[in-house]
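A short write-up of the structure that comes next.
The values are calculated or read from the model by the stated rules, or taken from the named source; none is laboratory data. Just so it is clear, the model here is predicted, and its values are computed rather than measured. Here the Cβ positions follow ideal geometry from the backbone for every residue, glycine too, while neighbour counts run over all protein chains shown.
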Amino acid sequence: MILTAHQPVYLPWLGLFHKIAMAETFVSFNRVQYLPKDWNNRNKIKTSSGNIWLTVPVLKSGHREKGIDEIEINNAIPWQRKHWRSISLNYSQAPFFAEYAPYLEGVYEKEWKYLSELNESMLQWFLDALGINVQFLKASGLDFKGTGSELVLNMCEQLGADTYIFGALGRDYAKVEEFESRGIAVEFQDYNHPEYPQRFGSFASHLSVLDLLFNCGPESLNVLMSGQEQLV
């Protein structure tokens, strides 16, 4: 079984979906520590005046001691209205906006308490919209032990994985020899970002998957998987 995992992030970029598509089982690492100014609660979209951040405000009291699944959204700030307005204003003329808009509008009409709940719900919808079929598990419902490379190895052993896909940064901490001694192969993703038709001038990469879906629709999965080299 090929396994990969990632912490729940907001409006993910294409590389995450490529990594998930290469696996058979995906674990949402929602028990790791929340990282401020990371991708947990923000991502970028393209506008006529350049790329902008969409950031979900969170309650910051004690957030450095909490897992991502414990981080609450600060709904005193009208972030839903701002995000949906920014998305609809800049993508309403994109070829496939109408196909995905109803779901997204519903997301921004709902009040979400926890950041991970929002991120995981949207991720599952994105996977379905792209046509990526994997077993989706949450770390909060399991009992993985350790930290760093040891945590990943324990997860692999508990779930019966024989291959684990790390992101490119996994090279910095993965203890490959320990995986191999347990009969678990290790692969590292190096994502080659594709280009595709886009509004507002020259191509901009590393945006939210929303940009791809609105511009490419049913071809989105073919686009994000194109031009990729074999995992090593």
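Observations, loosely collected:
- Ser140 meets all of the listed conditions (1) closer than 19 Å to Tyr91 by Cβ; (2) in a helix (DSSP H, G or I); (3) touching a residue at least 24 places away in the same chain (Cβ under 8 Å) but one, namely (1).
- Checked across segment 31-52, the condition of being part of a helix (DSSP H, G or I) and either under 16 Å from Leu213 (Cβ atoms) or at pLDDT below 95 (or both) holds for no residue.
Okay, residues lined up against (1) of a type in the set (Gly, Ala, Ser); (2) modelled with pLDDT of 95 or more; (3) in a helix (DSSP H, G or I):
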| site | (1), (2), (3) |
| --- | --- |
| Ile87 | no, yes, yes |
| Asn90 | no, yes, yes |
| Gln93 | no, yes, no |
| Glu99 | no, yes, yes |
| Glu117 | no, yes, yes |
| Gln124 | no, yes, yes |
| Ile132 | no, yes, no |
| Glu150 | no, no, yes |
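- Look at segment 198-219: where a residue is modelled with pLDDT under 95 and a partner is of a type in the set (A, V, I, L, M, F, W, C), sitting 6+ places away or on another chain with Cβ atoms under 7 Å, you get Arg199/Ala94.
- Criterion: touching a Ser or Thr at 6+ places or on another chain (Cβ under 9 Å) and of a type outside the set (Phe, Trp, Tyr) - qualifying residue of Ser140, Ser121: Ser140
- Criterion violated by Glu177 - all others in (1) without any contact (Cβ under 8 Å) to a residue 60 or more places away in the chain; (2) charged (D, E, K, R); (3) surrounded by 12 or more Cβ atoms within 10 Å (Cβ to Cβ) satisfied: (3)
- In the condition set (1) surrounded by 16 or more Cβ atoms within 10 Å (Cβ to Cβ); (2) free of Cβ contacts under 8 Å to residues at least 12 places away in the same chain; (3) closer than 23 Å to Tyr191 by Cα, Leu123 is compliant with all but (2).
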